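The values are calculated or read from the model by the stated rules, or taken from the named source; none is laboratory data. Just so it is clear, the structure is predicted and the values come from calculations on it, not from any experiment. Backbone-built Cβ (ideal geometry, glycine too); neighbour counts: all protein chains shown. These accessible areas exclude ligands, DNA and RNA; they are computed on the full protein's heavy atoms, side chains included. Shrake-Rupley method; radii C 1.70, N 1.55, O 1.52, S 1.80 Å.
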Amino acid sequence: MGKGAVVGTAVVVCAAAAAAVGVAVVVSRRRRRRREAEDERKRKAAAVVEEVERAFSTPTALLRGIADAMVEEMERGLRADLQAPLKMLISYVDNLPTGMEFRFRFGGNGNVGLFQIGYGALMDEHGLFYALDLGGTNFRVIRVQLGGREKRVVKQQYEEVSIPPHLMVGTSTELFDFIAAELEKFVRTEGEDFHLPDGKQRELGFTFSFPVHQTSISSGTLIKWTKGFCINGAVGEDVVAELSRAIERQGLDMKVTALVNDTVGTLAGGRYVDNDVVAAVILGTGTNAAYVEHANAIPKWNGLLPKSGNMVINMEWGNFRSDKLPLSEYDNALDFESLNPGEQVYEKMISGMYLGEIVRRILLKLAREASLFGDVVPPKLEQLFVLRTPDMSAMHHDTSHDLKHLGSKLKDILGVPDTSLEARYITLHVCDLVAERGARLAAAGIYGILKKLGKDKLPNDFSQQRTVVAMDGGLYEHYKKFSACLEATLTDLLGEEAASSVIVKLANDGSGIGAALLAASHSQYAEAA
Ligand SMILES: Nc1ncnc2c1ncn2[C@@H]1O[C@H](COP(=O)(O)OP(=O)(O)O)[C@@H](O)[C@H]1O
Ligand SMILES: O=P(O)(O)OC[C@H]1O[C@@H](O)[C@H](O)[C@@H](O)[C@@H]1O
């Protein structure tokens, strides 16, 4: 090869080498920029997560303050302070279903006595009774054959119907006609096991899971809608009259003999099987609590003192608010865009309708500011309520090492084909933060009720004390990490010793039985019995 060719080849080789070096430099710069961008993205994600950890923290001392604030608001509501956030509604249920109990009690002077204890009337109810339980997501029609003192609940049947969303925002007549039509269909399937004596009218206990200003055990006017309901023309109307008219339009011969909130129904159903039930808490689509108050501790009660000396109060605790509540930017934005801005502040931090939505809002911020799900924010993540609490629960309970179930949930819901392991772990952590805050706040509310009742400590006379809180609602029943955290927090607040006398137990579907029992105990035929 001539000299010129050699030089030429050398030049080409050098040029190629230079190009290669140039490319390498460009590639390494790109890699460095990508690495720097990735580091920056991770820093942003960590900053958002740390901010949520701070905003959502509920140290025990704060929970104690919230419980005290709950007690103060309970007192305020019992004084009929019109500005009170807790309505503390009189239920007109002053005689809970119960049994006669014989229990050993250690008297103050240390001797052991056999005392007969019985609160209110024994539920010696017989007959066929219906209940209708209208909740925030579904409603149930129930029939119960009662067999009196010995047989108690002989047989019960129920059907659950999802409430079509359009009826939640339609008219009152459309909603009640739909409900009455389902009730009429259910009655037609009565069958041989249930029998109504000739000449008797069917009677119904109506469980209505919204705040009602009751004017009697079987009448009351709707104060406001909550959760996903917003029906014009119903507020201020008597819900029993509305339902009765719809039942008539169905040609059904049935009388509503009791109207109760689902917390009151759960308390009645709970007490029917356990005399020590003093309160009932619902953690479902919404949240609320009822408890047994001493009638002489209700300043706004100007009726006759009930024989039992007690009155069940529907707290409507979902509307609790306090400057101690750890409200975040996500809560404020959710509230602003809700059907009832400024209302139900406590409920929006705790209950099933909202937990998933809070998680969505946090993930949306992470997607926008830290590209958690890639450079493009998944369009479905912008959609209100696209992430429901049952989905959040399923993700939260994923125990696989690579969170593949959580990943497939994100794919199903957000249309995100594949997520990084980092994104899946951050999503899990966000579910934990939101569920834990809700559970701990609910525990603080229960602790407040126990304090109001003086059941947060063991009695000084060393007598045995057993306090039962009946729980119900799909959130408490199905979200195991939530209910476990609630119970652990309540034990922490009470302290081991006092906690040993408090039992928190699932009273599944207690409100249906409770409503039927109250319908029975207020039957138009009762006095004739
Ligand atoms: N598997 C689940 N995990 C977490 N929450 C659930 C689950 N299933 C249901 N829920 C919550 O429970 C709510 C339904 O509660 P439920 O008491 O059954 O009905 P309602 O609120 O209509 O009375 C749903 O809105 C949902 O938020
Ligand atoms: O059973 P649900 O639908 O979860 O309702 C629970 C509570 O939800 C609240 O929004 C209502 O004001 C209460 O009256 C009700 O008890």
I'd like the carbon and sulfur percentage of the solvent accessible area for region 269-315, probe radius 1.4 Å, heavy atoms only, ligands and nucleic acids excluded.
56 percent
I'd like the accessible area for Tyr92: 1.4 Å probe, protein heavy atoms, all chains in place, Å² to the nearest 10.
70 Å²
So how many Å³ per residue does the convex hull of the Cα atoms of region 341-411 work out to?
101 Å³
For region 331-340, in residue order, the Karplus 3J(HN,Hα) values (coefficients 6.51, -1.76, 1.60; θ = phi - 60°; whole Hz; Gly and Pro = x) are 5, 5, 5, 4, 4, 4, 9, 7, 5, 9
Just the accessible area for Ile426, please: 1.4 Å probe, Å², rounded to the nearest 10?
30 Å²
Cleavage-rule hits (GluC sites (Glu not before Pro)) in region 126-226: DSSP loop, at most 13 neighbouring Cβ within 10 angstrom
Glu192
In Å, the C-alpha Rg and Dmax of region 420-511 are 15.8, 60
Additional length obtainable on full extension of the chain from Glu159 to Glu174, 0.36 nm per residue less Cα span:
3.4 nm
Where the only charges are on Cβ atoms (+1 Lys, Arg; -1 Asp, Glu), what is the dipole of the chain about its Cα centre, to the nearest 20 debye?
2040 debye
With label points set 7 Å from each Cα along the Cα-to-Cβ direction at His478 and Ser420, the distance between them in nm comes to 3.3 nm
Need one word for region 178-218: rounded, prolate or oblate. Basis is the Cα gyration tensor (sqrt eigenvalues a ≥ b ≥ c); a/c below 1.5 gives rounded, then a/b vs b/c decides.
oblate
As an exercise, identify the chymotrypsin sites (Phe, Trp or Tyr not before Pro) in region 218-284 lying in DSSP coil whose Cβ has no more than 15 other Cβ atoms within 10 Å.
none
Got a sec? What order do Ser511, Ser408 fall in by accessible area at 1.4 Å, biggest, i.e. largest, first?
Ser408, Ser511
Where trypsin sites (Lys or Arg not before Pro) fall in DSSP loop in region 55-90, at most 16 other Cβ within 10 Å
Arg79
What are the lysines whose alpha-carbon lies under 21 Å from the alpha-carbon of Lys452, with same-chain residues fewer than 8 places away excluded?
Lys87, Lys300, Lys324, Lys505
Based on DSSP H runs of at least 4 residues, each adding -39500 (n - 2.57), what is the mean residue ellipticity at 222 nm of the chain after dividing by all its residues, to the nearest 500 deg cm²/dmol?
-14500 deg cm²/dmol
With the Cα gyration tensor of region 288-405 giving a ≥ b ≥ c as the square roots of its eigenvalues, does the rule (a/c under 1.5 for rounded; else a/b larger than b/c for prolate; else oblate) give rounded, prolate or oblate?
prolate
By the Cα gyration tensor axes a ≥ b ≥ c (a/c under 1.5 gives rounded; else a/b larger than b/c gives prolate, otherwise oblate), the shape of region 136-274 is prolate
How long is the gain from Glu38 to His405 if the chain were fully straight, where each residue apart is worth 0.36 nm and the alpha carbon distance is subtracted?
129.6 nm
Projected onto their principal axes, the Cα atoms of region 45-96 stretch, largest extent first, over whole-Å spans of 54, 27, 20
When the solvent-accessible surface of protein heavy atoms is calculated with a 1.4 angstrom probe, in what order do Phe462, Phe206 fall, highest first?
Phe462, Phe206
What fraction, in whole percent, of alpha-carbon pairs in region 285-352 exceed 20 Å separation?
44 percent
For the chain, just the Cα set please: Rg and Dmax, both in angstrom.
29.4, 128
How much accessible area per residue does the chain have, counting only protein heavy atoms and a probe of 1.4 Å, in square angstrom?
45 Å²
Between the Cα axis of helix 3-55 and the main Cα principal axis of the chain, the angle (0 to 90°, nearest 10) is 20 degrees
Take every Cα-Cα distance within region 339-492, group them into 5 Å bins from 0 onward, and report for each bin the whole-number percent of pairs it holds.
2, 9, 17, 19, 16, 12, 9, 6, 4, 3, 2, 1, 0, 0
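Sorting Val376, Val26, Val264 by accessible area (1.4 Å probe), largest first, what list results?
Val376, Val26, Val264
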